[in-house]
Amino acid sequence: MARDNSPKERQKKQLERKLAQRASYDRVLIVSEGSKTEPNYFREIRSNYRLHTANVEVRPSELGTEPIQVVQYAKELFEKGDRHKSIQSRAFERVYAVFDRDDHRTYFDALNQAAALDGKLRNDAKQPVVFKAIASVPSFELWLLLHFDDIQAPLHRDEVLRRLRQYIPCYEKGTAGVFANTRDSLVTASQRAERLALRFTAFDDPEPYTAIVELVRLLTTLRG
């Protein structure tokens, strides 16, 4: 009998191999507003810490970059999966929607929507799923800047970027190797972000805040 080399069969076999390789720790779905910056950063962490791609999926939103669209796409991708990306439906214990405050009009709606979904969805093991917004005020770059500066007061995103380029001169949106360039100061950045979180929340715009530290902490300790 001839071997079945149809695209559908290849996708099925690819998914079977991926599932067979899945490790024992929580399966995490990360959906980001940015199409390159955040995905590059989290994929680099995944690679550095040798996390299975079957356990940690990182995808940019395909519905748009408004925060509410990021949350909606994260929910949709979790519930329906995507066979073209070898993602099974409901195949995660944790779902994270990553977005910035910027000037987005749906920012607060997205925060509330994510909170409403937390613990309400069920995965393929019938377990309640963690669903969280990972927001930054004003932007993801605040997290990177905290590796170098102890920010305590509100900054416009343009000022954050200007200051960051004093330390990473070639930094642009989508720049690769950012985790490698900042990893030595990860503990410092985490401490600074945690101190900000004691004073402010994602709702306290324009006060500086980033929950990226929460997701980074998870990924860097997931294997344990």
Subject >> region 35-93: trypsin sites (Lys or Arg not before Pro) in DSSP coil with no more than 11 other Cβ atoms inside 10 Å >> reply: Arg50
Subject >> Correct choice for Rg/Rh (Cα atoms, Kirkwood Rh) that was computed from the model, options (1) 1.05; (2) 0.99; (3) 0.94 >> reply: (2)
**OP:** First select every other residue whose beta carbon is under 10 angstrom from the beta carbon of Pro67; then total the charges, Lys and Arg +1, Asp and Glu -1.
**Re:** -3
Original post:
With axes computed from alpha carbons, what is the tilt in degrees of helix 7-21 against the longest principal axis of the chain, rounded to the nearest 10 within 0 to 90?
Top reply: 70
Original post:
What's the exposure ranking of Ile45, Ile151, going from fewest to most Cβ atoms within 10 Å?
Top reply: Ile151, Ile45
Original post:
What number comes out for the charge environment of Gly34, summing +1 per Lys or Arg and -1 per Asp or Glu over other residues with Cβ under 9 Å away?
Top reply: -1
Original post:
Residues with amide H under 5 Å of Thr210's amide H, sequence separation 5 or more or different chain, H placed in the peptide plane at 1.01 Å from N; which?
Top reply: Val137
Original post:
Given +1 on the Cβ of Lys and Arg, -1 on the Cβ of Asp and Glu, and no further charges, what dipole in debye does the chain carry about its Cα centre, rounded to the nearest 20?
Top reply: 1280
Subject >> Cα→Cβ-extended label distance, 7 Å offset, between Arg183 and Ala116, nm >> reply: 4.1
Original post:
Got a sec? Charge dipole of the chain, +1 on Cβ for Lys and Arg, -1 for Asp and Glu; which of His147, Ala135, Asn48 is way out at the positive end?
Top reply: Asn48
Original post:
Where Rh is the Kirkwood radius over the Cα pairs of region 94-217, the temperature 25 °C and the viscosity 0.890 mPa s, what D in µm²/s does Stokes-Einstein return?
Top reply: 161
**OP:** Among Ser185, Ser139, rank each residue by its count of other Cβ atoms within 10 Å, from fewest to most, as a rough exposure measure.
**Re:** Ser185, Ser139
Subject >> Nearest-0.05 FRET efficiency for Ala176 and Thr53, computed from C-beta distance (R0 22 Å) >> reply: 0.80
Subject >> Angle between the chain longest axis and helix 186-199 axis [Cα atoms, degrees, rounded to 10] >> reply: 70
Subject >> Cα-based Lys proximity count in region 21-221, under 29 Å, for pairs eight or more positions apart or on separate chains >> reply: 19
Original post:
For the charge dipole of region 21-221, defined by +1 on Lys and Arg C-beta atoms and -1 on Asp and Glu C-beta atoms about the Cα centroid, which residue among Ala115, Tyr96, Thr65 has the Cα displaced farthest towards the positive pole?
Top reply: Tyr96
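Read the figures in this text as sums done on the coordinates, not as results from a lab. Keep in mind the model is a prediction, meaning the values are calculated, not measured. So basically every Cβ, Gly included, is an ideal-geometry build from the backbone, and we count neighbours across all protein chains shown.
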